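Have a look at the structure below, then the notes.
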Amino acid sequence: MTNFETLVDQIYEAAANADCWPQVMHDLGGVVDAAGGIILTRCADAWTGWRCSAAMAGQHTDAWITAGASRSQATARLVALGSAGFVAEQEGFTEREWLADPIMQEWCGPLGLHHCAGTAISVPTGDFVVVQLNRRIGEPHFDRDAIRRLDTFRPHLARAGLLAARWRLQRLHAATEALAMIGLPAAILDRSGRVLATNALIEALHSHIVWLPNDGIALADPGANELLRYAIVEIANPAATSVRSFPARGTTANPVVVHLVPATGRARDLFEGGFGILAVTAVAIPSAPGAALIQGLFDLTPAEARIAVGVAEGLTLDRIAKRHGVAVTTVRSQLKSVFAKTGLQRQSQLTALIAAQVKIPHNPPTAAD
């Protein structure tokens, strides 16, 4: 069995390297004859990251924590107990309640796990860390002696949580500064829309960005801000259908295009999951942009970008279809996709976005069109 000093060293190593947490959870479980453990971070009403030992890494673990954990009473009752140490599940549940809770019905039970000991640790960022250990079915409750042994590690878990949170913020600030070096105003948001880090370029966009209490962010353009709110709701879902690139007018300066880029790395990376990058690009282009620029600004396919440019030039759908050698029905389908990605509803709005805001000169169609 791992000795105390070695395990404490592993806990602090895991604070800097999240890949170490599964082994730490396995070894911590070994101290109290548990099958294994899991460490999770939570911000607002969502889990932002987790790492677990092999015994708790079932086929549906990620899906359950992401979508099913909100149905369980386990975390709420753990926090309500207000304990400064580990507690066993029988302190917050009757045996019948525990077996009926979704945590047992949908996750631990199918993995052959039963009795649980857990603790909730607040960190200064406003998040909190939960550590949970489970014994296999047939094993006894965690008794007072087991809880006492776990409590000797809790201060180290708490300090590791604080260090990890601060190192995380340092890494996020470094990321925004890297974006500033290439001239890109940017902020990093958590999955609730709270601003975690910014660079000086976005902080200077007073005509477009509104800073809200409690590290909130909004856009001065009401319509664009509504699109931003929808996008933030689905920030943790890379496949969401919300518009993530859209124009935003400023109170005094030129319009910009706002992009909300969701994180696509390993969502379970402790203290790193569940955030996105809010980036701003200028659209003050003095000459007619090509399809490649439009494609990049609004995350369009090459075909969709060609349709958007054609609409901005004042061409009818028939002429656009003839220009590119496709059916009008194909053009209509691609235009519908352009509307979805830009958050617009009419051709006149698309023309205004590209032709007026990006200053495309209107070129009458020629016979070749």
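Throughout, read-outs are computed from the coordinates displayed, never taken from laboratory work. What you are looking at is a predicted structure, and each value in this text was computed from that prediction instead of being measured. No Cβ is skipped: glycine too gets one built from the backbone with ideal geometry, and neighbour counts run over all protein chains shown.
Here are a few things to note about the model shown:
- Cα gyration tensor shape of the stretch 4-165, rounded if a/c is under 1.5, else prolate or oblate by comparing a/b with b/c: rounded
- In this simple spin-label model, placing a label point 7 Å from the Cα along the Cα-to-Cβ direction at both Arg136 and Met181 gives a separation of 5.1 nm.
- Taking amide H as placed 1.01 Å from N in the peptide plane, Ser122 has its amide H under 5 Å from the amide H of Val129, each at least 5 places away in sequence or on another chain.
- Taking amide H atoms as placed 1.01 Å from N in the peptide plane, the amide H of Ala186 lies under 5 Å from those of Asn199, Leu201, Ile202, each 5 or more residues away in sequence or on another chain.
- In plain terms, the chain from Arg332 to Arg149 could stretch by 59.2 nm, reckoned as 0.36 nm per residue minus the Cα-Cα distance.
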